[in-house]
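First the structure, in the form of C-alpha cells, and then the observations on it.
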Amino acid sequence: MKLIEAMKQIKDLQRKAEDLRTKVSSASALTTVDTPVYPDQKGKVSEWVQGHSDILKEILRLRTAIQRTNLATQVTIELGEKQVTKSIAEWIHRRRDFAKMEREMWSKLTDRGLKEGMVNTPGGQTVEMKIVRFYDPVERDKNIDLYTSEPSKVDARLEVINAITDLME
C-alpha cells in the first residue's frame, strides 16, 4: 500500500466510524411504546460499538505505519539552488509552520521607519543622519522569497512522494 492510499483509507474509515457513532446515538435506547427498528436491536448496537472499536484500531495501525514511513523516508527538495534532504516528517513540520516562522523572522529586518536626511542637533548644528543597518537587505529579500515559496515546493514534492512511497508496516 502506498502512503496516499493509507491516508485516503484513514479518511474513509473516519467517515465509517462517524456513521457508526450516529447509528449508535439514534438506536441505543427507546421507550417502551416505541418499536425497535431491528429485530435484535441490542445485538445490533453491540455490533456497531465493536465495529467502531475495530475501525479505530485500524486507523491507529495505519497512522502509526504512516509515521514510521514519514520518519524513515528521506526526500530531497531544491530550495534556493541547494539540494536539501530531510525526512517526510521533517518536511511536514517545515511546511506547517517552520518555513512561515523563518519568513517572519527575515521580514522583521527593516529600517523601522527611520528616515535619512539633514537634522538639527540640540546645539543648533545641522548634520546628515544616515540609517545604520545590521543586516544585508539583499540577503533578507532573498530569504523572504525562499521561505515564502518553500511550502508550495514541499507540497509539490510530497504529493509525488506520497503516491510512490510504500507504507512501512
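Worth a mention:
- Sites LYS8 and ASP141 - FRET efficiency at Förster radius 41 Å, r taken between beta-carbons, to 0.05: 0.55
- Couplings 3J(HN,Hα) of segment 90-98, computed from phi: 5, 5, 4, 5, 4, 5, 5, 8, 5 Hz, in residue order, whole Hz [Karplus 6.51 cos²θ - 1.76 cosθ + 1.60, θ = phi - 60°; x for Gly and Pro].
- Near MET168, the amide H atoms lying under 5 Å from its own belong to THR69; only residues 5 or more places off or on other chains count, and H is placed 1.01 Å from N.
- Lysines with Cα under 23 Å of LYS44, excluding same-chain neighbours fewer than 8 positions away: LYS16, LYS23, LYS57
- Taking other Cβ atoms within 10 Å as a rough exposure proxy, GLU81, GLU47 sort from fewest to most as GLU81, GLU47.
- Taking amide H as placed 1.01 Å from N in the peptide plane, VAL84 has its amide H under 5 Å from the amide H of ILE77, GLU78, LEU79, each at least 5 places away in sequence or on another chain.
- Loop-resident sites, segment 92-169, for trypsin sites (Lys or Arg not before Pro), counting at most 11 other Cβ within 10 Å (DSSP): LYS108, ARG112, LYS115, LYS130
- Once the Cα atoms are used to define both axes, helix 3-27 deviates from the longest principal axis of the chain by about 50 degrees.
- Entry for Rg and Dmax of the Cα atoms in Å (calculated from the structure that is shown) out of [x] 23.6, 65; [y] 15.5, 47; [z] 28.8, 100: [z]
- Note on the chain: with a GNM built from Cα contacts shorter than 10 Å, the maximum mean-square fluctuation among ILE131, ILE66, ILE77 falls on ILE131.
- Charged-residue dipole, Cβ positions (Lys, Arg, Asp, Glu), the chain about Cα centre, Debye nearest 20: 240
- Here the dipole of segment 1-83 is about 160 debye; that uses its Cα centre as origin and unit charges on the Cβ of Lys and Arg (positive) and Asp and Glu (negative).
- Relative contact order, percent, the chain [alpha-carbon distance under 8 Å, six or more residues apart]: 30
- Label point of GLU128 set 7 angstrom out along Cα-Cβ; within segment 85-118, amide nitrogens under 18 Å from it belong to 115-118.
- With Cα atoms, 0 to 90° folded angle of helix 137-164 axis to the chain main axis: 20
- Loop-located GluC sites (Glu not before Pro) in segment 93-153 whose Cβ has at most 12 other Cβ within 10 Å (DSSP): GLU116
Readers should treat all values here as calculations from the given coordinates under stated rules, not as data from a laboratory. Values in this document were obtained by computation on a predicted structure and should not be read as measured data. Neighbour counts run over all protein chains shown; Cβ positions are idealised from the backbone, glycine included.
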